[in-house]
Each structure stands twice: as structure tokens, then as C-alpha cells.
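Report on the structure given below.
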Amino acid sequence: MLNRNRLNHCCDLIENIPSHRMVAHQLCSSSLATDDPAKVTIIGAGPSGLATAAWLKTYGIPYIILERADCIASLWKNGMYDRLRMHTGKHYCELPFKSMPDSYPTYLKRDQFVDYLEEYARNFQIEPYFNETVVQASYNHHAKSWEVHTRRSEPNANQRQFDRDNTIKQYFSKWLVVATGENAEAVIADLPGLENFEGIVLHSSQYKNALPFKGKKVLVVGAGNSGMEIALDLSSTESITTSLAVRGPLHVLPREMFGSSTFSLIMKLCKIFPVRFVDRVLVAYSQLKFGDTLLYGLRRPKIGPLELKNAMGKTPVLDVGTVSMIKNGCIEVKPGVDCVSSSTVRFVDNSSETYDALVLATGYRSNVPSWLHDEYGLFTEQGLCKSCKDAWKGRNGLYAVGLSGKGLSVAMEDARRIADHILHAYTELAPTRIDKFI
Ligand SMILES: Cc1cc2nc3c(=O)[nH]c(=O)nc-3n(C[C@H](O)[C@H](O)[C@H](O)COP(=O)(O)OP(=O)(O)OC[C@H]3O[C@@H](n4cnc5c(N)ncnc54)[C@H](O)[C@@H]3O)c2cc1C
């Protein structure tokens with residue numbers, strides 16, 4: 001850990017070397033944030049980072065948040081389509097210390113969730129350092145602190161594109177909380193010939209609404225929650241011809257069962273019954289509701305939805321109307337894509353079709369492996385928490401929130417666990433620090 005005198009001395013030395021003037025300035029400015037050796041660095045200002053910050057604030061523990069975008073909750077603000085409503089009931093999306101307004105519906109619209117998060121950040125005076133993309137983080141055993149390097153992101157640009165200038169800032173802290181999300185980067189399917197397609201191609205994170213597709217023939221590739229809903233959005237708009245390419249088997253469940261949200265029903269049933277039993281209930285109900293979906297090209301996997309989620313991380317689709325659009329012929333189901341040419345897509349059953357646009361709903365991934373030196377293996381190769389007990393806690397003050405694949409409600413519990421754990425160490429480090437809030 002650099003103290004202020006040492007840091008100033010460092011800066012004096014560096015100031016004498018012209019090409020390092022900028023770096024010296026940045027080290028000085030970041031020193032404001034590194035004065036307190038017992039500081040926490042949170043990476044990511046989505047719901048998980050905000051919840052952790054609120055807990056730390058309540059405990060009086062100093063922290064900073066580094067966020068690559070120019071706003072909080074950038075995934076919800078910039079990376080989602082207009083018609084999106086949350087699949088999880090509103091109480092499962094609450095952050096600590098703040099209930100959802102009574103006036104909000106059970107399934108929040110995207111904008112309502114964004115408003116809630118913005119007010120949350122204002123209430124807790126959470127002020128992230130925006131436009132800072134973390135490009136490297138490692139534990140310095142000698143200094144016993146985390147060293148984080150950020151590069152300046154291009155302000156107001158698409159959150160996933162950053163400038164190439166090599167401006168680097170450094171931050172030091174005793175604790176590091178990784179809250180960069182499971183959806184940090186768009187995954188573009190590797191479709192042979194895609195580069196030759198002359199129509200519109202975009203990832204689901206860039207899709208906003210159906211307007212640009214009026215009068216066009218569109219293929220949505222991928223039948224996860226995003227793909228199914230985007231297909232529904234397109235097919236609900238006159239003059240758009242919509243197809244959906246479904247590569248493999250998938251579980252489609254109604255968003256509500258027995259008058260309750262499917263998500264909350266699953267949470268309740270899993271507390272009492274074994275997963276296999278819950279799976280049987282879910283599949284039986286869905287079959288009653290939808291009939292045999294194989295007739296429409298949607299094959300169910302052999303193992304149940306929760307077992308599949310636990311084994312492969314594959315989330316079941318919660319249907320908000322797509323299945324009935326498929327049944328009434330407004331969405332045509334196609335098999336997986338084999339290859340693409342200038343205007344034609346060939347499918348694995350050898351059939352071909354021409355399209356004006358392709359929407360690639362082919363998923364997201366974590367970016368943690370690209371910047372974290374994960375010495376003791378808290379994360380999998382895919383940058384998610386290993387599915388074991390205490391997956392939120394690593395060694396040397398490293399924590400992860402929102403990366404366990406278990407949704408927002410578990411992320412909120414992890415945020416509290418992390419803050420409690422840090423509080424414990426913080427209290428031992430400097431007992432007088434917490435006098436002010438006890
Ligand atoms: C289409 C869609 C619908 C969804 N619907 C639901 C739903 O209904 N219910 C539900 O519970 N979940 C839903 N999710 C999951 C969603 O990911 C979570 O609800 C929630 O956003 C997770 O919060 P988070 O803070 O962990 O991650 P995020 O919201 O992704 O926030 C992570 C933040 O970290 C920042 N970041 C990433 N990398 C870096 C870096 N290197 N340096 C600095 N900052 C970085 C990002 O810019 C982002 O602001 C949905 C996801 C998608 C894509």
C-alpha cells in the first residue's frame with residue numbers, strides 16, 4: 001500500500017520524466033481514493049455492486065465503485081429491449097433497505113427497474129467512478145493489497161466499445177468485490193458465412209424494438225428468454241415476417257403457475273421437495289398449458305428444467321406469449337443454422353430461406369477471466385462462481401456478487417454476506433472506525 005507521502009514522492013520522481021507526466025497525474029488523483037488502506041474496491045455499478053455499496057455505506061466502510069459505462073445499471077439502460085418486463089416478481093428484485101413502490105406491477109417494466117435503481121443510488125449517495133474499464137486486477141502479496149488498473153472508456157459510447165488510448169489509472173485497496181455481471185459481454189454465435197450476409201445483423205443486446213424491421217423478413221437465432229421475447233415483439237408488429245431458429249431441446253414454462261409467479265413457486269417448492277419432484281410438477285403443468293410443444297418444433301430436454309440449470313447453467317424460458325404466436329403460425333420455428341450467405345440462411349435440415357435481417361440472441365458471458373488474476377480459483381474458466389458453498393468468498397479479501405447463476409435475490413443475500421465479512425475484518429483492523437455507527 002502506498003501512503004500519501006510515498007505516493008507524492010513517487011509522483012515527484014515521475015513528473016521529471018515527461019512521457020510519464022500523465023501517469024503521475026493519474027496516480028496523484030487516484031491517491032485521493034487510496035488514502036484509506038481499509039478501502040473496498042467494487043467493480044461494476046449494476047444491482048449487485050449497488051447493493052454491496054449500500055451495505056458498506058451503512059456499516060461506515062469506505063469504498064469506491066469502478067464502472068466502465070457512463071451510468072449505473074448500464075445493462076438495464078442500454079442493453080435491453082423496450083418491451084422487456086422482468087420475469088421475476090418484484091419482491092425478488094428488491095435491493096436491501098428499499099422496497100419496491102406499491103404502485104409498481106408484479107413484473108416490472110425495464111424503465112421502472114431503472115428508476116428504482118437510480119433512486120436507490122441517490123438515496124445512498126452512491127457515486128461510482130464512471131467510464132473506467134477495469135483491465136487488470138491482482139493481489140500484491142508484498143503490499144497486502146489489491147491493485148486494480150483501469151482504462152478510460154469512451155464517454156457516451158456504446159458500453160461495449162472502448163477507445164484505444166492507453167490511459168491507465170491504478171487503485172489500491174484491501175478488499176476487492178467483483179460485481180461485473182454474468183451478462184458483461186455479448187456472445188456472437190460462430191455461424192459460418194455470417195460475414196457475407198448483406199442484410200441487418202445485430203445481437204439481442206442491440207435490439208430495441210421492431211420499428212427498423214417493418215416490412216422485413218427476420219430470423220431470430222437462439223431461443224433463450226431474449227430470443228423468444230424478441231421473436232414475440234417482431235411477430236406482434238404488422239408487416240414483419242418472423243422466424244425463430246431453435247438449435248436444441250429447451251424447457252418452456254409459463255411465467256405463472258397456480259396463480260403465482262413461476263420463479264417464486266420454484267423457490268417455495270425447492271425448500272420442501274427434492275429438485276426432481278419440483279421438475280416433474282413444472283413439466284406436467286407446462287404440458288397441460290402448452291400441449292405437446294414438439295408439434296411446433298420445440299423439443300423438451302430429457303432431464304427436468306432445474307436439474308438442467310444445475311448441471312449446465314441453462315435457464316428455462318419463461319413464456320410471455322411466444323408459444324401461442326408459434327401455435328397460431330405468426331412465428332415459424334426453424335432448426336439450427338448450418339451456414340449463412342449474402343441473403344440466405346441454410347438450416348441443419350438442409351432447407352434454405354432468404355432473410356433481410358438476423359437477430360442473434362446467442363447469449364452473454366462474464367468477462368472476469370480477461371482481467372482478474374484469480375490466483376486461488378474462485379471463478380470457473382467461464383468467469384462464474386464455482387458452485388460450492390461460500391462461492392461468494394475468495395482468499396486475500398476477494399469477493400464475488402451476482403456471478404453465482406442464481407439470480408438477483410441470491411445476489412442480494414451475497415451482498416450482505418460480503419459486507420458482513422468485510423465488517424468483521426475491518427473492525428479487527430481498526431476498532432475505532434466503527435464507533436460512529438454503532
Ligand atoms: C435480457 C435480460 C433479461 C433479464 N431479466 C431478468 C429478470 O427478469 N430477473 C432477474 O433477476 N434477472 C434478469 N436478468 C439477469 C440480470 O443480469 C440481472 O438481473 C442483473 O442485471 C444482475 O446484476 P449485476 O449487478 O450482477 O450485473 P449487471 O447488471 O450486468 O452489472 C454489471 C456492471 O458491471 C459493469 N462492468 C462489466 N465489466 C466491467 C469492467 N471490466 N470494468 C468496469 N465495469 C464493468 C457493467 O457495465 C455493468 O454496469 C436479465 C438479463 C438479461 C440480459
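The values are calculated or read from the model by the stated rules, or taken from the named source; none is laboratory data. The shown structure was predicted, so the numbers you read here are calculated from the model rather than taken from an experiment. Positions of Cβ are generated from backbone atoms using ideal geometry, with glycine treated the same way; all protein chains shown enter the neighbour counts.
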Checklist line | Identity of the residue in segment 173-202, buried (at least 21 other Cβ atoms within 10 Å of the Cβ) and not in a loop (DSSP other than H, G, I, E, B), that ends up nearest to the ligand (Cβ to nearest atom) | finding: V178
Notebook entry, point to check: Within the set of pairs 6+ apart or on separate chains, which have a first residue in segment 300-325 that is without any contact (Cβ under 8 Å) to a residue 40 or more places away in the chain and within 18 Å of I230 (Cβ to Cβ), a second that is of a type in the set (F, W, Y) and buried (at least 18 other Cβ atoms within 10 Å of the Cβ), and C-beta atoms under 9 Å apart?
Noted result: S324/F290
Checklist line | Matching residues, segment 200-238, being of a type in the set (S, T, N, Q), out of contact with any Pro (no Cβ under 9 Å at 6 or more places or on another chain) and under 29 Å from G291 (Cβ atoms) | finding: S204, S226, S235, S236, T237
Next item on the list: Looking only at segment 71-89, count how many residues are aliphatic (A, V, I, L, M) and without any contact (Cβ under 8 Å) to a residue 40 or more places away in the chain.
Entry: 1
Margin query: Restricting to segment 255-302, and then to whatever is small (G, A, S) and out of contact with any Phe, Trp or Tyr (no Cβ under 9 Å at 6 or more places or on another chain), can you tell me which residue is farthest from K314 (Cα to Cα)?
Written below: G259
Checklist line | From the options L265, L244, residue that is among the hydrophobic types (A, V, I, L, M, F, W, C) and either modelled with pLDDT of 95 or more or crowded, with 21+ Cβ neighbours inside 10 Å (or both) | finding: L244
Margin query: Every residue in segment 99-110 that is in contact with a helix residue (DSSP H, G or I) (Cβ under 9 Å, 6 or more places away or on another chain) and free of Cβ contacts under 8 Å to residues at least 40 places away in the same chain, please.
Written below: S99, M100, P101, Y104, P105, L108, R110
Item checked: Hits in segment 249-273 (condition: in a helix (DSSP H, G or I) and among the β-branched types (V, I, T)) -> T262, I266, I272
Margin query: If a residue must be modelled with pLDDT under 90 and touching a Cys at 6+ places or on another chain (Cβ under 6 Å), how many such residues does segment 382-438 contain?
Written below: 1
Note to self: For a quick check of your reading of the model, give me the residue pairs whose first member lies in segment 254-273 and is more than 16 Å from K406 (Cβ to Cβ) and touching a residue at least 40 places away in the same chain (Cβ under 8 Å), whose second is of a type in the set (G, A, S) and part of a helix (DSSP H, G or I), with beta-carbon atoms closer than 9 Å and at least 6 apart or on different chains.
What the structure shows: P254/S286
Next item on the list: Would you mention how many residues in segment 187-240 are on the phi > 0 side of the Ramachandran plot and more than 27 Å from the chain's Cα centre (by Cα)?
Entry: 3
Note to self: Are there strands (runs of 3 or more DSSP E) fully within segment 305-392 with at least 1 residues that are touching a Lys or Arg at 6+ places or on another chain (Cβ under 9 Å) and surrounded by 18 or more Cβ atoms within 10 Å (Cβ to Cβ)? List them.
What the structure shows: 317-319, 337-340, 344-347, 357-360
Margin query: Filter segment 373-399 down to the residues that are within 14 Å of the ligand (Cβ to nearest atom) and over 16 Å from Q136 (Cα atoms) and list them by number.
Written below: L384, C385, A391, W392
Checklist line | Test: residue in segment 275-294 that is under 24 Å from M80 (Cβ atoms), at pLDDT 95 or above and of a type in the set (D, E) | finding: no
